[in-house]
1. Starting from the range 70-88, keep only residues that are modelled with pLDDT of 90 or more and surrounded by 20 or more Cβ atoms within 10 Å (Cβ to Cβ), then list their pairs with residues that are among the hydroxyl-bearing types (Ser, Thr, Tyr) and part of a helix (DSSP H, G or I) whose Cβ atoms are within a distance under 7 Å, requiring at least 6 positions of separation or different chains.
2. Which condition does Asn192 not pass, out of (1) surrounded by fewer than 23 Cβ atoms within 10 Å (Cβ to Cβ); (2) touching a helix residue (DSSP H, G or I) at 6+ places or on another chain (Cβ under 8 Å); (3) closer than 18 Å to Ala113 by Cα, if it passes all the others?
3. Of all the residues that make up the range 186-218, how many are farther than 16 Å from Asn127 by Cβ, within 17 Å of the chain's Cα centre (by Cα) and not in a strand (DSSP E or B)?
4. Taking only the range 154-180 into account, find how many residues are crowded, with 22+ Cβ neighbours inside 10 Å and not in a strand (DSSP E or B).
5. Among the residues of the range 30-61 satisfying the criterion of being in a helix (DSSP H, G or I) and among the polar types (S, T, N, Q), which is farthest from Met110 (Cα to Cα)?
6. What number goes with the only condition from (1) touching a Gly at 6+ places or on another chain (Cβ under 8 Å); (2) surrounded by fewer than 21 Cβ atoms within 10 Å (Cβ to Cβ) that Arg133 does not pass?
7. Pairs only if they're at least six apart or on different chains, beta carbon under 7 angstrom, first in the range 93-119 and farther than 23 Å from Gln220 by Cβ and at pLDDT 95 or above, second part of a loop (DSSP other than H, G, I, E, B) and among the polar types (S, T, N, Q); list them, first residue then second.
8. Restricting the range 144-182 to residues that are of a type in the set (A, V, I, L, M, F, W, C) and in contact with a Leu (Cβ under 9 Å, 6 or more places away or on another chain), which is farthest from Ala90 (Cα to Cα)?
Amino acid sequence: MRRSLARDGFAVWPGPPAALQDRLRAVLGRLARRRLSPAEASRCVLESALRESQRGGPLLPGQDGVFILGEPTRLHPAFAAVAAHPRVLAAVARALGTRRLALHFANVTMKSARFGSGIAWHRDAANRYMPTRTSRFLRAMICLDGMTPGNGGTSFCPGSHRGVGRPAVVPWVPKGAMVLIHPRVLHGGAPNRSGAARRNLVVQWGRWDDRLATSTRESQTGRPPRLLHRPSRWLTG
């Protein structure tokens, strides 16, 4: 895993247990079938708020979808359990060279079937949302539905974190696997034009001694893994 991450800037690794991820899929399915509460809606970015050019297709009258669900670790225990699962933490700790980790943020990126928006090419280290002073952090992307070129899977330019120019690739990621992403690798994603949703739980973990470079914070930013399982309250059932 460390060899792939160092060489390519990303690595595909086994994710948390399937039964635990099934709980996430069930929660997201319930959220998709009902109206969001005000507290939930305040943590979401909807497709209708994005540029039409990003989407895989036009929105029909009255149609919409959640593109980003923010702070999912406060919404239900299953999200915290997956974000801080020992399999996730072990992979991140090995890559960062320490077990002393701090959560920066988490979200669920959801590309709806047929019209889910794409994401422009970028590097996480240059992102304005919670970069750190020395870029000693990592994003773990748990692919709840798997990723392929056909469902808007994430594209990577292998070696771009080292200044090496290689053709972009979309790794075929099995359902439930996770992708570890180097903060300096160039990556992005096409819209989802397939007939099924593509949902990823994205968690950014950093070394405890690498301070955030901006003032942006979420309610659980800075917490060690053991405290993610005990947030002050859950927003939904």
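The values are calculated or read from the model by the stated rules, or taken from the named source; none is laboratory data. Predicted, not measured: the structure shown is a model, and the values here were computed from it. Neighbour counts run over all protein chains shown; Cβ positions are idealised from the backbone, glycine included.
1. So the pair list comes out as Phe79/Thr73; Ala80/Thr73; Ala83/Thr73.
2. (1)
3. 3
4. 1
5. Quick first cut of the range 30-61, residues in a helix (DSSP H, G or I) only: 30-33, 38-41, 47-49, 52-54.
From the residues that got through so far, the ones that are among the polar types (S, T, N, Q) too are 48, 53-54.
Numbers: Ser48: 13, Ser53: 17, Gln54: 14 Å.
Only one residue tops the list, namely Ser53.
6. Failing condition for Arg133: (1).
7. The qualifying pairs are Lys111/Ser117.
8. Within the range 144-182, the subset of a type in the set (A, V, I, L, M, F, W, C) is 144, 147, 156-157, 164, 168-170, 172-173, 177-181.
If we keep only those that are in contact with a Leu (Cβ under 9 Å, 6 or more places away or on another chain) too, we end up with 144, 156-157, 168, 178, 180-181.
Numbers: Leu144: 19, Phe156: 23, Cys157: 25, Ala168: 28, Met178: 13, Leu180: 12, Ile181: 15 Å.
Among them, the one singled out is Ala168.
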